[in-house]
Amino acid sequence: ELLGLYVLWGLLWLWQAVGALRLRHHGYEDMVRTLFKVQRECPFITRVYSIGRSVQNRHLYVLEISDNPGIHEPLEPEVKYVANMHGNEVLGRELLLALAQLLCEQHKLRDPRITSLLQGVRIHLLPSMNPDGYQLAAEQGYGKYLGGRGNARGVDLNRNFPDLHLIPLQADSRGGRNHHLPLADNWTEQVEPETLAVINWMKSYNFVLSANLHGGAVLANYPFDKASEPRARGSRRHPPSPTPDDKLFRQLAKVYSYAHGWMHQGSTCGEYFPDGITNGAQWYPISRGMQDFNYLHTNCLEITLELSCAKFPPARELPREWAANQEALLTYLEQVHRGIKGMILDENGNGIDEAVISVDGINHDMTSGLSGDYFRLLLPGQYTVTVSAKGYKSKTANVIVYPQEVTRVSPQGWGGRAELYTVCPHSQVRVRDTVTLPLHCVSTLPGQG
Ligand SMILES: [Zn+2]
């Protein structure tokens, strides 16, 4: 009993110490100081880097947190959180700073969950994509209608990404490319500096999972944001505009909403959304948004999280908001381990990048990264996966993705023939908590060279 009291007291103390430290609004200088403070406190698992500058020349700083910061380890997925893209929507910015401090502190305390998260994932946090807009909003104070949604030139950054939607429609009808759709030659001239920085960032890291943190509602919004068809006459709502990964996106959105304190209840700010989730276009269609761009141009699955009714909540509400989001922010990142991943290697064991990973029934391919590793998030089920790369024969595998578990579809049984490479599920896959069994090697399946 006494021990229990001590534990309780310890937890309370920790909660207070941590809470007092972390939960306040951070202006730009304060935010930057906080990022570097975390870096100093946890130097071996963090790195601060800038992805570019805003219109008013503020650095867009990212805090990276992982067991080997600065290094992409093959098979360790890259994930990101982006906040404060709308400068006057500020809760996400504070949540990411709190998350950074939590990860650092819990790592120092050797918390097993955090340790395993940081060993298995490389996390990139961009607490403010729009620091100029934030300054404008913060100067105006709370309560009234806040400027600062756009950047210093008044451009809404979530309407500023290249629109790639016209291409898949053409591609669909021709049976053409359904992923990594090309940008126009002059795309850099068509976007704001903040957007340019973020796109170059997306090109530099093979991000697999992401969320974009906003405010003004409480729900998890998944692609597409752009309407695929016009609203029916007399109807208030637009029809949904689903991606080929619709089921997966719904699940990702639900994972966040159900791990959140109240988002899943779906009726926080006056409108009702079942499960606290919605397809973007079904809520309200937009063009040139960031989550659609992630999906159409990169390997990254991104959803948009609306986290508070008030865009600039008073500081006294931050502890409650942090309590509501802390578990959800962690659980969402852990979803990156669902599905399959593996290495695409040539006959000498060198990684093949830009190999294409296709899943039957999902018209959206992923590609391998520079080291030849790939990640394909999938819901539990049975899939037929084909890998193809220029100059190589394609290879097809049947894969089972089990619930609650990462399925490794990794290299093994390498044939040593120049024209052939294998994708092979070989690792121990836990089916239930106690039983382990190896999957069959792909090269034993019929139809293999
Ligand atoms: Zn927003």
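Taken together, the values in this text are just the output of simple stated rules run on the coordinates, not laboratory data. Predicted, not measured: the structure shown is a model, and the values here were computed from it. With ideal geometry, Cβ positions are generated from the backbone for all residues, glycine too; neighbour counts draw on all protein chains shown.
Applying both filters, DSSP loop and at most 16 other Cβ atoms within 10 Å, to the chymotrypsin sites (Phe, Trp or Tyr not before Pro) of the range 77-156 gives Tyr142, Tyr145.
Database remark: amide H of His364 closer than 5 angstrom to the amide H of Val359 (H placed geometrically; neighbours at sequence offset of 5 or more, or on other chains; Pro and chain starts carry no H). Expressed as a whole percent, the proportion of Cα-Cα pairs in the range 28-337 lying more than 36 Å apart is 12%. Close amide H pairs (under 5 Å, H built 1.01 Å from N) link Cys309 with Gly216, residues at least 5 positions away or on another chain.
In a reduced charge model with +1 at each Lys and Arg Cβ and -1 at each Asp and Glu Cβ, the range 28-337 shows a dipole moment near 360 debye about its Cα centre.
Close amide H partners of Arg376, meaning residues 5 or more places away or on another chain with modelled amide H under 5 Å apart, are Ile340, Lys341.
Applying the criteria of a DSSP loop state and at most 16 other Cβ atoms within 10 Å to the trypsin sites (Lys or Arg not before Pro) of the range 209-318 yields Arg231, Arg233, Arg236, Arg237. Going by neighbour counts of Cβ atoms within 10 Å, the residues His260, His107 line up, fewest first, as His107, His260. Straight-line cross-link reach from Lys108 at under 24 Å between alpha-carbon atoms covers these lysines, not counting any fewer than eight positions away in the same chain: Lys37, Lys80.
Taking other C-beta atoms within 10 angstrom as a stand-in for reagent exposure, Asp346, Asp373, Asp292 fall in the order Asp346, Asp373, Asp292, fewest first.
In terms of surrounding Cβ atoms within a 10 Å radius of their Cβ, Thr188, Thr195 rank from fewest to most as Thr188, Thr195.
Straight Cα distances below 17 angstrom link Lys395 to the lysines Lys341, with same-chain residues fewer than 8 positions distant left out. Of Leu252, Leu157, Pro239, whose Cα points farthest to the positive end of the dipole of the range 28-337 (charges on the beta-carbon: +1 Lys, Arg; -1 Asp, Glu; origin at the Cα centre)? Selected residue: Pro239.
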